[in-house]
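Data block below; observations after.
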Amino acid sequence: MAKQSDEPSSGNEVAALREILGRFNDARCVLECAVRSLEQWQSLDETEDDARRSYDPEIVCLRHAQKLLAEVYDQIDSAIARLAAT
């Protein structure tokens, strides 16, 4: 009986991970679009000044989420590149 390798096929895993990363990036783009839309919607309110708008909790939270997702995306992308190189 032939012994099966415990290591999965690296090429297939890399392709699957790249597909997941692509969907992750799509989600990031949707978030970025939502942030821009909210910022534009808020800019229609002429009673608020620009300084206050940039510190609205909703905008701050969404921008923080964008930053965190971008960092995770970069980490996953680097890990996939390292996996592909092995």
Please indicate, with yes or no, whether at least one residue in segment 65-81 is modelled with pLDDT under 90 and surrounded by 10 or more Cβ atoms within 10 Å (Cβ to Cβ). no
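Quickly run through segment 55-86 and pick out the residues that are under 11 Å from the mean Cα position of the chain (by Cα), within 18 Å of E19 (Cβ to Cβ) and of a type outside the set (D, E, K, R). Even if it seems obvious, please write down each step before you answer.
Going through segment 55-86, the residues under 11 Å from the mean Cα position of the chain (by Cα) turn out to be 65-77.
Okay, now just the ones that are also within 18 Å of E19 (Cβ to Cβ), so 69, 72-77.
Once the filter is applied, which keeps residues that are under 11 Å from the mean Cα position of the chain (by Cα), within 18 Å of E19 (Cβ to Cβ) and of a type outside the set (D, E, K, R), segment 55-86 yields L69, V72, Y73, Q75, I76.
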List pairs: first in segment 17-30 and closer than 11 Å to I76 by Cβ and in a helix (DSSP H, G or I), second of a type outside the set (A, V, I, L, M) and at pLDDT below 95, Cβ under 8 Å, 6+ apart or cross-chain? L21/Y73; L21/D77; F24/Y73; N25/Y73
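The values are calculated or read from the model by the stated rules, or taken from the named source; none is laboratory data. What you see is a predicted model; the values in this text were computed from it and never measured. Here Cβ is always computed from backbone atoms with ideal geometry, including for glycine, and neighbour counts include all displayed protein chains.
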